[in-house]
Amino acid sequence: MSSKKYKLSESGKKVEVEEKQLTDEVRHDLSLARRDQEVEEDREEEKQLERRGFDLKIFIRLFAWTQPYRLKRNLLFVLVCVRSMQIPALAWAIGMVINGPIADRNLPGIYWGAAGFGLLALFTQITMHFRQRYALELGESVVYDMRNAVFQHLMHMPLSYYHRTKLGSIISRITSDIEALRVGVQNVLFVSLVQLGQMIGAGTLMAYYNWRLFLVIVAMTPALFFINRYFSKRISQASRMLQESFARVTATVAESVKGIQVTQGFAREDRNSTLFRELIKDHSGYNMGLARNIALYLPLLELNSQMFIAAIVIIGGYGALSPAVDMPVGDLVTFFFLANLFFSPIPSLGRMFTSAMSAIAGAERIFRLLDTEPDWSDDPDAEAIGPLEGNVEFRNLEFAYEPGTPVLKGINFTAGAGQSIALVGHTGSGKSTIINLLCKFYLPTGGEILIDGRDVRGIRTDSLRDQIGIVLQKNFLFSGTVRENIRLGNIGASDREVEEAVRRIDCLDLVEAMLDGFDTVITEEGAGLSLGQRQVVCFARAMLADPRILILDEATASVDTVTEARLQKALETLMRGRTSFVVAHRLSTIRRADMVLVLDQGEIAERGNHIELLKQDGIYARLYRQFAEV
């Protein structure tokens with residue numbers, strides 16, 4: 001699609017061609033969005049889940065989350081049993097009054113019967129209040145624990161997990177999936193138990209009053225069984241597909257909002273909007289599919305109940321009018337009351353069933369996340385390390401993000417305590433990978449990384465990272481104040497220590513020049529601050545942490561020349577006395593390095609200091625000349 005074609009095209013035919021090309025591109029993007037979701041999930045497992053209905057194992061595992069609150073949970077079960085018996089008892093009480101005082105024309109007895117009915121009804125409402133209250137509290141407690149567990153699990157997942165998992169999918173786990181669980185715990189379980197208990201109580205009393213009429217109901221129950229069996233798998237599958245679709249929608253929204261600058265910069269608004277429109281159309285289709293199943297399922301249950309009532313009217317009416325059958329009218333009225341209590345929960349149970357399917361689908365996705373093991377974790381014998389000297393050695397190191405595709409090959413070098421190492425090379429040569437391995441974001445696939453002579457595999461990750469400071473080209477700032485973001489380097493630092501850290505890098509005037517100085521509020525990802533101001537905050541954060549090993553990954557590459565001059569001084573102060581690894585394109589940083597490692601296609605092609613490498617007139621010399629020209 002050339003720009004010339006757009007400018008000259010005014011006919012309808014040309015516009016249609018343009019729209020067709022845009023649609024083809026959107027279809028391609030949509031297929032990629034679906035494929036990304038499939039990469040994230042084990043699709044074979046997903047298909048197996050979709051083929052089955054209610055999963056008892058998932059339910060039992062979900063129910064186990066109520067164990068810490070077993071006292072409240074067990075009290076809830078008692079209230080459920082009481083509540084389920086109270087409702088049929090109200091119908092029985094009415095029948096007793098009709099057959100007793102009303103039939104005998106006993107006015108005082110009617111008053112006493114009404115008073116007793118009123119007290120029973122009051123007791124019923126009190127029971128309902130506590131049943132609902134405790135169910136809501138229990139559900140909230142379970143959701144609280146589960147959200148914490150999911151978040152804590154996410155915090156301990158390695159970087160590789162986040163590189164292959166979409167942000168929106170993670171968000172949907174901790175929001176929509178857990179909200180479905182909340183409904184399942186708070187409403188579905190206990191409301192269903194109350195209504196099942198109500199049916200059992202009403203059925204028992206119906207059998208007591210007239211077992212022949214009750215047998216009519218029993219004879220017609222297979223219809224309920226087959227209706228439920230038919231729709232259970234369909235609704236279960238539709239619920240799972242709906243939640244997977246919602247995860248794709250959430251992922252697209254998160255990605256589009258986060259990349260809005262790129263979207264607008266490349267004029268992709270229409271294309272992204274069309275892609276999103278297709279995704280929500282997809283999502284609406286799944287929603288409508290679920291709605292169609294529910295819209296057919298619930299009326300069938302209702303129709304079944306009405307047919308039962310019609311059969312009872314015919315047979316019960318015949319029994320009440322026939323002299324050969326002894327069935328008082330009061331018993332028939334009570335039986336109808338009980339029949340209504342028996343059948344009225346059926347549509348409600350149908351609605352509860354659809355909510356249960358959503359809760360189970362959400363639970364499957366959450367438990368699948370919780371069951372996802374990190375690609376690696378600390379060895380059981382790993383120990384916390386004391387204050388480091390800062391000696392680092394890479395010995396015969398090999399690494400591959402994907403098996404069979406090595407990124408680093410045969411990396412060998414030693415950095416003495418307090419030395420600065422510059423990593424230089426073309427994009428994709430492995431510079432950032434070395435940094436990631438040193439920070440223990442990944443483990444080597446071969447060879448060793450030794451810190452003060454100890455293999456990083458034998459060092460606890462948290463104790464190692466406590467002594468490593470990182471400043472990246474694009475650092476992340478959290479929502480809060482400048483002071484709070486600097487304090488992340490040392491949570492226990494006082495305000496005075498925070499200010500001293502900024503003073504030590506000679507940037508106090510830059511912070512004080514901000515809108516509210518140290519109390520300047522930072523919005524998401526540092527919006528509101530210039531790139532230079534963000535880097536000052538990150539340098540101060542690293543200074544406050546007082547690390548033994550410092551990592552600088554293009555730390556001044558995104559700032560202007562004037563700001564760079566200020567930051568360069570801060571950089572020198574920050575590096576002084578620390579083992580430093582610098583990924584740099586700036587000549588000033590490279591010149592001062594004790595050793596420069598030139599990487600090429602995952603291998604160390606050259607090593608030495610600045611002068612030595614220039615004399616070799618190799619890769620480094622060529623890169624240096626390119627830098628100098630720039």
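Summary table below
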{"read-out": "Test: residue in the range 423-435 that is within 28 Å of Ile174 (Cα to Cα) and either open to solvent by 40 Å² or more (accessible area, probe 1.4 Å) or not in a loop (DSSP other than H, G, I, E, B) (or both)", "value": "no"}
{"read-out": "Output for the range 482-496, where each listed residue is under 17 Å from Ala570 (Cβ atoms) and out of contact with any Ser or Thr (no Cβ under 6 Å at 6 or more places or on another chain)", "value": "Asn485, Ile486, Gly489"}
{"read-out": "Residue among Ala422, Ala400 that alone is among the hydrophobic types (A, V, I, L, M, F, W, C) and more than 17 Å from Ser160 (Cβ to Cβ)", "value": "Ala422"}
{"read-out": "Members of the range 192-249 found to be open to solvent by 30 Å² or more (accessible area, probe 1.4 Å), at pLDDT 80 or above and under 30 Å from Ser172 (Cβ atoms), listed by number", "value": "Leu193"}
{"read-out": "Cβ-Cβ under 6 Å pairs, at least 6 apart or on other chains, the range 591-614 side in a strand (DSSP E or B), far side of a type in the set (Asp, Glu) and open to solvent by 10 Å² or more (accessible area, probe 1.4 Å)", "value": "Val598/Glu606"}
{"read-out": "Any chance Ala417 is open to solvent by less than 20 Å² (accessible area, probe 1.4 Å), in contact (Cβ under 8 Å) with a residue 60 or more places away in the chain and either under 25 Å from Arg578 (Cβ atoms) or under 36 Å from the mean Cα position of the chain (by Cα) (or both)", "value": "no"}
{"read-out": "Residue in the range 181-199 that is under 30 Å from Ser377 (Cα atoms) and not hydrophobic (A, V, I, L, M, F, W, C) present", "value": "no"}
{"read-out": "Helices (runs of 4 or more DSSP H) completely within the range 152-239 that count 1 or more residues being among the hydroxyl-bearing types (Ser, Thr, Tyr), under 30 Å from Glu402 (Cα atoms) and free of Cβ contacts under 8 Å to residues at least 40 places away in the same chain", "value": "159-164"}
{"read-out": "Test: residue in the range 472-486 that is in a helix (DSSP H, G or I), open to solvent by less than 10 Å² (accessible area, probe 1.4 Å) and either touching a Lys or Arg at 6+ places or on another chain (Cβ under 9 Å) or among the aromatic types (Phe, Trp, Tyr) (or both)", "value": "yes"}
{"read-out": "Matching residues, the range 493-511, being open to solvent by 70 Å² or more (accessible area, probe 1.4 Å) and either of a type outside the set (D, E, K, R) or at positive phi (or both)", "value": "Asp506"}
{"read-out": "Residue within the range 361-382 that is over 28 Å from the mean Cα position of the chain (by Cα) and within 30 Å of Gly197 (Cα to Cα) present", "value": "no"}
{"read-out": "Helices (runs of 4 or more DSSP H) contained entirely in the range 1-120, each with at least 2 residues that are buried (at least 16 other Cβ atoms within 10 Å of the Cβ), modelled with pLDDT of 50 or more and more than 38 Å from the chain's Cα centre (by Cα)", "value": "70-97"}
{"read-out": "Hits in the range 530-574 (condition: among the hydroxyl-bearing types (Ser, Thr, Tyr), modelled with pLDDT under 75 and surrounded by fewer than 20 Cβ atoms within 10 Å (Cβ to Cβ))", "value": "Ser558, Thr561, Thr563"}
{"read-out": "Residue list for the range 154-170, restricted to those being within 14 Å of the chain's Cα centre (by Cα) and buried (at least 16 other Cβ atoms within 10 Å of the Cβ)", "value": "Leu154, Met157, Tyr161, Thr165, Lys166, Gly168, Ser169, Ile170"}
{"read-out": "Residues of the range 356-385 classified as polar (S, T, N, Q) and surrounded by fewer than 20 Cβ atoms within 10 Å (Cβ to Cβ), total", "value": "2"}
{"read-out": "Residue in the range 391-405 that is free of Cβ contacts under 8 Å to residues at least 40 places away in the same chain, assigned to a strand (DSSP E or B) and not β-branched (Val, Ile, Thr) present", "value": "yes"}
{"read-out": "Extreme residue, nearest to Tyr134 (Cα to Cα), among residues of the range 173-187 that are crowded, with 19+ Cβ neighbours inside 10 Å and touching a Lys or Arg at 6+ places or on another chain (Cβ under 8 Å)", "value": "Ile178"}
{"read-out": "Count of residues meeting criterion [open to solvent by less than 50 Å² (accessible area, probe 1.4 Å), touching a residue at least 12 places away in the same chain (Cβ under 8 Å) and within 35 Å of the chain's Cα centre (by Cα)] in the range 442-470", "value": "14"}
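Per-residue answers, yes or no, for (1) under 32 Å from the mean Cα position of the chain (by Cα); (2) in a helix (DSSP H, G or I); (3) free of Cβ contacts under 8 Å to residues at least 60 places away in the same chain:
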{"residue": "Asp506", "(1), (2), (3)": "no, no, no"}
{"residue": "Leu510", "(1), (2), (3)": "no, yes, yes"}
{"residue": "Leu515", "(1), (2), (3)": "no, no, yes"}
{"residue": "Phe518", "(1), (2), (3)": "no, yes, yes"}
{"residue": "Gly528", "(1), (2), (3)": "yes, no, yes"}
{"residue": "Arg534", "(1), (2), (3)": "yes, yes, yes"}
{"residue": "Phe539", "(1), (2), (3)": "yes, yes, no"}
{"residue": "Leu544", "(1), (2), (3)": "no, yes, yes"}
{"residue": "Pro547", "(1), (2), (3)": "no, no, no"}
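The values are calculated or read from the model by the stated rules, or taken from the named source; none is laboratory data. All figures in this text were calculated on a predicted structure; none of them were measured in a lab. Cβ atoms come from the backbone with ideal geometry, glycine included; neighbour counts cover every protein chain shown. Quick note on the areas: whole protein, heavy atoms, side chains included, nothing else; ligands and nucleic acids left out. Shrake-Rupley method; radii C 1.70, N 1.55, O 1.52, S 1.80 Å.
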